[in-house]
Amino acid sequence: MNKYNLEQNEQYPFGYELSPEEEMDLYMNSSYSGGRIISLEASYRKTEHDEVFMSVYAYDPADVTRALVEADEWVVLHRTPTGYKDGCCPVCKGLVYIRGHDSTGHRPHFVHYKNSMCPTVPENHNPYNQFRNLPRDINLAKENKKWVWENLNTIRDKIRAEFPSLQFSWGDFISVIRGADQYSIWSLKDMPTGYIPYVLLACVDRFYQTGYRKHECYFVLEPTPDGPVEAGAYWNQTGSIKRSLWQVQLPSRNVIQHEIKTDVQPVWYMGQIDFLLKGRT
């Protein structure tokens, strides 16, 4: 059987395999290395009263910039006569409250109220829910697919540089493209192409633990409103608020915030190869 057959060789569909050292060298030297990642240091503990997602960061509902405040600082700044002011979860924007301070001796952290539907809770996670209310135009699908095809290596290297623990492989690439087909991602209206690498990561239920990936994880975009969304409203973020992609690590349920960077530039080695090939007759 031909080694390029996708069913036979899904992890390396282009017929070659790099060693881990070679792949590490490629993405560490790409133009996307060194991206800023903000860890939310979430922890997990379930009780009969609390939701299963806890975080040591939240933002003040009155703060239009949604600046994240650590729980240790929150208990100093937001003490009330009856306890502490509620904060907002940076992912679902729902209310969270302080727990673990002055009672258990544990480090203070934010807890979702019971029955929270935050997508960082694995039981709530469903990729389709992130996209179901966004407007679509079937005429856009062809151009978006063409853009991905023309930027395969660039997209893969961008993902590997910004999400190094994911160890994103060609097999993973195939999985996210299948997910994009399933959820009709290609026809999302007004979606800038720079968002596509991040949207693709949110198209699968899980990135499972493998020989090259130490921990299972999944990704969620900021939730969309329950009702219809105006064209462009979800993608056009204004002011000082930056849109994020959230990585939920399992089984720890640690949550990592990744700022979405819509610039997509050719990787360094493709530029050199292009220069060399065009310089030859």
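Details
- Matching entry among 145, 93 (being charged (D, E, K, R), outside the structural domain of residue 195 (by TED's automatic domain parsing) and closer than 21 Å to residue 234 by Cβ): 93
- Taken over segment 164-199, the criterion of being in a helix (DSSP H, G or I) and of a type in the set (Asp, Glu) is satisfied by 172, 181.
- Among (1) closer than 21 Å to residue 175 by Cα; (2) touching a helix residue (DSSP H, G or I) at 6+ places or on another chain (Cβ under 9 Å); (3) of a type in the set (D, E, K, R) - the single one residue 136 does not satisfy: (1)
- Breaking point among (1) closer than 30 Å to residue 96 by Cα; (2) free of Cβ contacts under 8 Å to residues at least 24 places away in the same chain; (3) acidic (Asp, Glu), for residue 123: (2)
Residue-by-condition table, conditions (1) in contact with a helix residue (DSSP H, G or I) (Cβ under 8 Å, 6 or more places away or on another chain); (2) at pLDDT below 90:
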residue: 104; (1), (2): no, yes
residue: 110; (1), (2): yes, yes
residue: 122; (1), (2): no, yes
residue: 175; (1), (2): no, no
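The values are calculated or read from the model by the stated rules, or taken from the named source; none is laboratory data. Note that the coordinates shown come from a computational prediction; the quantities given were computed from them, not determined experimentally. We place every Cβ from the backbone using ideal geometry, glycine too, and count neighbours over all the protein chains shown.
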